[in-house]
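Enquirer: Attaching a single structure in structure tokens format; questions to follow.
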């Protein structure tokens with residue numbers, strides 16, 4: 001429950017008010033964070049300081065922002081790109097004068113991953129949407145009509161003044177189960193934060209001393225003053241010798257003093273394994289394959305295509321479905337949807353991860369007559385060529401109108417009743 005939700009319910013309750021103890025989770029939301037058993041308070045800002053969380057958010061939001069989305073229409077001969085539809089520009093090109101369509105998708109997806117939901121206001125002129133403007137997710141509340149269940153949105157400006165919008169006036173993206181991974185996995189993220197902090201302290205010699213000086217036969221006066229002076233001198237010499245990050249001057253110990261380097265224990269040796277396990281745990285939380293977070297202990301470079309296929313299927317597919325429906329709900333009228341208009345992402349570039357596979361794919365599409373030469377050249381960012389708009393199979397000899405099937409029949413053995 002967000003702080004504004006808690007306060008709004010408290011205000012709507014009329015004369016009925018009650019104190020909320022600080023141990024209540026609602027009270028923690030008011031102050032912008034929820035404590036974990038491990039100790040750290042986890043919110044969007046603190047979670048992003050964990051590299052695995054930052055990488056997961058950047059990966060998912062960046063992928064959805066980079067994949068092109070288009071408005072299509074179904075026709076008797078197949079689907080075609082509806083470039084003449086007013087919503088095509090908002091989906092494919094730019095959300096407003098200062099934000100590209102891909103940038104807005106990345107922003108709203110990141111909002112959903114961090115704050116449960118992402119919102120953009122659909123600014124309409126004469127009934128048609130002309131631009132999308134991102135809204136601060138912390139200032140938007142989702143409500144529902146008690147009679148019909150129809151959702152509507154309440155946005156409060158900085159002065160707290162509310163504005164109500166219908167569901168077709170807000171581009172709305174929600175995290176899975178309407179709860180952000182940061183909130184759902186705050187304990188896992190909190191533990192990763194503790195491990196990061198401990199690593200910093202460990203290698204800065206803050207978690208344990210780096211060396212031990214001892215003397216089995218310590219000598220000194222009754223008050224220990226002579227021994228204290230010797231220890232003070234040894235410490236000063238050690239600091240001077242290691243001040244540049246290594247031993248630049250030899251150290252000489254006399255009077256029975258000895259030096260011992262403190263090694264890492266077996267528990268410290270397992271510390272690296274614990275950090276790796278937390279990366280896997282956070283990857284599981286965001287439903288991201290661990291190798292895409294650069295945890296490559298179980299990955300190989302020979303299965304790049306399968307990696308991206310799993311990322312598309314297990315991670316991005318549900319987000320793309322939500323985006324396609326969110327766009328359709330705001331940009332397409334019920335009549336247009338009934339006529340066959342819809343929004344869809346183009347994922348071909350993600351599935352053809354390397355040049356060799358991409359070349360083979362284009363070759364097969366050309367051979368089966370599914371793509372023209374100019375369509376292939378457009379996919380390779382090459383300019384069109386003359387005569388490149390036909391679907392003829394390039395493997396057939398020019399001027400020969402016979403199809404592959406006809407050639408196969410010609411090469412077949414003659415029939416028994418042939419003259």
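The values are calculated or read from the model by the stated rules, or taken from the named source; none is laboratory data. Source: prediction; values computed, not measured. Please note: Cβ atoms are built from the backbone with ideal geometry, for glycine as well, and neighbour counts cover all protein chains shown.
Enquirer: Can you find a residue in the range 80-87 that is surrounded by fewer than 15 Cβ atoms within 10 Å (Cβ to Cβ), free of Cβ contacts under 8 Å to residues at least 12 places away in the same chain and in contact with a strand residue (DSSP E or B) (Cβ under 7 Å, 6 or more places away or on another chain)?
Expert: Yes - at least one qualifying residue is present in the range 80-87.
Enquirer: Something else: For the range 277-309, which residues satisfy the criterion of being at pLDDT below 85 and assigned to a helix (DSSP H, G or I)?
Expert: The answer is 301, 302, 303, 304, 305, 306, 307, 308, 309.
Enquirer: Moving on to the next point. List every residue pair whose Cβ atoms lie under 6 Å apart, where the two residues are 6 or more positions apart in sequence or sit on different chains, the first residue falls within the range 46-65 and is under 24 Å from residue 345 (Cα atoms), and the second residue, located anywhere, is not in a helix (DSSP H, G or I).
Expert: 56/288
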